[in-house]
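Shown next, in structure tokens, is the structure this report addresses.
Every number in this text was worked out from the coordinates using simple rules, so none of it is lab data. As the structure is a computational prediction, the values presented were derived from the model and not from experiment. Backbone-built Cβ (ideal geometry, glycine too); neighbour counts: all protein chains shown.
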Amino acid sequence: MARPLLAQINLAALRANLARARAAAPGAKVLAVVKANAYGHGLTRVLPALDDADGVALVELDAASTLRERHYTRRILLLEGFFEERELPELSQRRLATVVHNEEQAAMLERAVLPRAIEVFVKVNTGMNRLGFAGDKVARVCERLANSPSVAALRLMTHFARADEEDGVAEALAEFDAACRGLPYPRSLANSAGVFRHGEVGGEFVRPGIMLYGATPFPFDTAEMLGLQPVMTLRSELIAIQDLKANDSVGYGAQYTASRPQRIGVVACGYGDGYPRGAPNGTPVLVCGRKARVAGRVSMDLITVDLTEVPEARVGSPVVLWGEGLPVDDVAAAASTVGYELLCALAPRVRVHVTEVGRVDLEL
Ligand SMILES: *Cc1c(COP(=O)(O)O)cnc(C)c1O
């Protein structure tokens, strides 16, 4: 028997979430964001479930090239663009669209002599203050790029700093509109939070990421409220049970001490698998489909849970760390982080099963 830890990837859920994105942004082209190995789900694994997307967006050139080698023919957008001039021939040959967010990239494109011109998304800084041109530079850079033989088509984009907040896009939208006034190019503005506000945000291309994987981009609206289904379910089993006496403690640093006789379940999953080490006592875990709580410090290979509410639990009982029945967002909140981080952190040693509609189809 293999170590029981397993990440199930449900492609039917991913398809449903993609349909949700399409429905929320009618008329827009959907670029599915698949950076960080499809948010930890495995880019080549999830690809079959993205055939209804108009393209994908990511930051890794090697992954983009792999997609072309696997005969992915739709649009691929590099969200940070290129980093060196010598990458440009590869972008050109592989028909990769690129973000241009600074003067250096614009100058490299102007200098380059390429076999085929490249589609360019000019990034406008609307208050995130990480990447992008200041509003008053946008018209000029567009003019330069429009005249460059290396540029096939221009698009305008921005990335909101506060799309998850109630009044978070109005100011940024006004800045974007002012920066792009009179420029006749298609636009891309919305991440997942923006997709749910598409009526307000607009744009010809949307860039949903986290919602495709069934987690929420918002602090208060849950994935379920948004009609999203979890794609990754991280499953394991109890591999030992300890009976504690009052005042016995468990794990490194004795971070949990029993106040009365208590059963503790030991789960095969730890931070070496991507479970957050910061998950404190009380973090939810499902055992036999019922809510139990982390008790004691998360270690590399194991976590320990209080079985008081699950008297039927035995060695071999099923455990869900997150996914079906336990939103990754709930675990993330307990660990003071976001679902994005937990999903991206799934470790390479975790076995993965790809399923459709709950049925295990193949192991990759
Ligand atoms: C990651 C990313 C997205 C997707 O964001 P989500 O919140 O996961 O939907 C969209 N656009 C850009 C530029 C990104 O870097």
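When the trypsin sites (Lys or Arg not before Pro) in region 65-120 are filtered for DSSP coil states and for at most 11 other beta-carbon atoms within 10 Å of their beta-carbon, the remaining sites are Arg70. Sorting the segments 215-223, 53-61 by their mean number of nearby beta carbons within 10 angstrom, highest to lowest, gives 53-61, 215-223.
Inter-label distance, Glu104 to Phe220: 4.1 nm, where each label sits 7 Å from its Cα along the C-beta direction. For the peptides 188-198, 167-177, the ranking by mean Cβ contacts within 10 Å, running from highest to lowest, is 188-198, 167-177. Look at the dipole of the chain built from charges on Cβ: of Val319, Phe160, Val100, the Cα furthest out on the positive end belongs to Val319. For the pair Arg94 and Glu69, label points projected 7 Å from Cα toward Cβ lie 0.9 nm apart.
May I ask you to list the chymotrypsin sites (Phe, Trp or Tyr not before Pro) in region 20-95 that are in a DSSP loop and have at most 12 other Cβ atoms within 10 Å of their Cβ? Answer in residue order: Phe83. Between the amide H of Ala152 and those of Ile118, Glu119, Val120, distances stay under 5 Å, these residues lying 5 or more places away or on another chain, with hydrogens modeled in the peptide plane. At q = 0.14, 0.18, 0.22 Å⁻¹, what log₁₀ I(q)/I(0) does region 232-363 have when each alpha carbon counts as one equal point scatterer in the Debye sum? Treating every Cα as an identical point scatterer, log10 I(q)/I(0) equals -0.58, -0.96, -1.39. When the Cα centres of region 234-262 and region 66-119 are compared, how far apart do they sit, in Å? Cα centroid of region 234-262 versus Cα centroid of region 66-119: 53 Å apart. The Asn129 and Glu309 beta-carbon pair, evaluated with R₀ = 41 Å, returns a calculated FRET efficiency of approximately 0.35.
Straight Cα distances below 20 angstrom link Lys35 to the lysines Lys123, with same-chain residues fewer than 8 positions distant left out. For region 77-235, a/c is not less than 1.5, where a ≥ b ≥ c are the root eigenvalues of the C-alpha gyration tensor, and a/b does not top b/c. That puts it in the oblate class. Taken over the C-alpha atoms, the chain has Rg and Dmax values of 23.2, 77 angstrom. Computed from the Cβ-Cβ distance with R0 of 45 Å, the FRET efficiency linking Lys245 to Glu341 stands at 0.75.
For region 1-159, the alpha carbon positions stretch 60, 32, 27 Å along the principal axes, listed from largest to smallest. Give me the percent of Cα-Cα pairs in region 172-290 that sit more than 16 Å apart, rounded to a whole number. Value for region 172-290: 75 percent of Cα pairs lie more than 16 Å apart. Per-residue Cβ neighbour counts within 10 Å put Lys137, Lys123 in the sequence Lys137, Lys123, beginning with the fewest.
Extension gain, Asp62-Met300: 0.36 nm per intervening residue step, less the Cα-Cα distance, totals 82.7 nm.
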